[in-house]
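The values are calculated or read from the model by the stated rules, or taken from the named source; none is laboratory data. As the structure is a computational prediction, the values presented were derived from the model and not from experiment. Ideal geometry is used to build each Cβ from the backbone, glycine not excepted, and the neighbour counts take in all protein chains shown.
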Amino acid sequence: MNLKKTLGALVAIILEEAGRNPDFKERIEAVLQPPASRLESGPKPRGGGPEQREHRKGGRRAPATLDPIDLVKEGEPALRARLADLDLERLLDVVAQYGMDPGKLVMKWKDRDRVIDRIVEVASARATKGDSFRKE
C-alpha cells in the first residue's frame with residue numbers, strides 16, 4: 001500500500017468511528033483545535049498566582065519597566081532608588097533588554113544588590129561613553 005492509500009484508509013476509519021462515538025469525536029476535535037483556543041480552554045500553567053508573568057515566545061523575558069541609562073543621567077542615587085523598588089525578576093528584565101550580560105552570568109545571580117550594582121555600573125559606563133570627545 002502506498003502512503004496516499006494508507007492515509008486515506010486511516011482517515012476513513014477515524015471519520016467512521018467519530019460518527020458513531022461522540023466521546024471519540026470530542027477527543028479528536030480537542031486535538032485539532034487551533035493553539036490559541038487550546039490555551040484558553042486547556043489547563044492553566046503551574047506556578048501562577050496574582051503576579052504570574054506572561055509567557056513569551058522563545059523564552060524571551062518581559063520588557064524592562066525602566067531605562068537605566070536615562071535614569072543614571074539624573075544621578076546614580078536616583079537610579080539606585082528606582083532599582084531598589086524592583087524585584088529580582090524585573091531587574092533581570094532590565095539586564096536582558098539592555099544587553100548588560102554578554103557573558104550570561106548576571107542572569108544566574110540571585111542577589112538583588114549584586115544585580116543592581118551591575119546595572120548601575122553598565123548604565124554609568126554607557127551614559128558617559130564618548131564624553132572625552134565632546135566639547136565643553
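Points worth noting:
- Residue within the range 109-126 that is touching a Ser or Thr at 6+ places or on another chain (Cβ under 7 Å), among the charged types (D, E, K, R) and modelled with pLDDT under 95 present: no
- Count of residues meeting criterion [closer than 19 Å to K129 by Cα and either in contact with a Phe, Trp or Tyr (Cβ under 8 Å, 6 or more places away or on another chain) or of a type in the set (D, E) (or both)] in the range 61-117: 8
- Failed condition for D101, given (1) acidic (D, E); (2) closer than 30 Å to V31 by Cβ; (3) at pLDDT 90 or above: (2)
- The set of residues in the range 71-85 being of a type in the set (D, E, K, R) and without any contact (Cβ under 8 Å) to a residue 12 or more places away in the chain consists of E74, D85.
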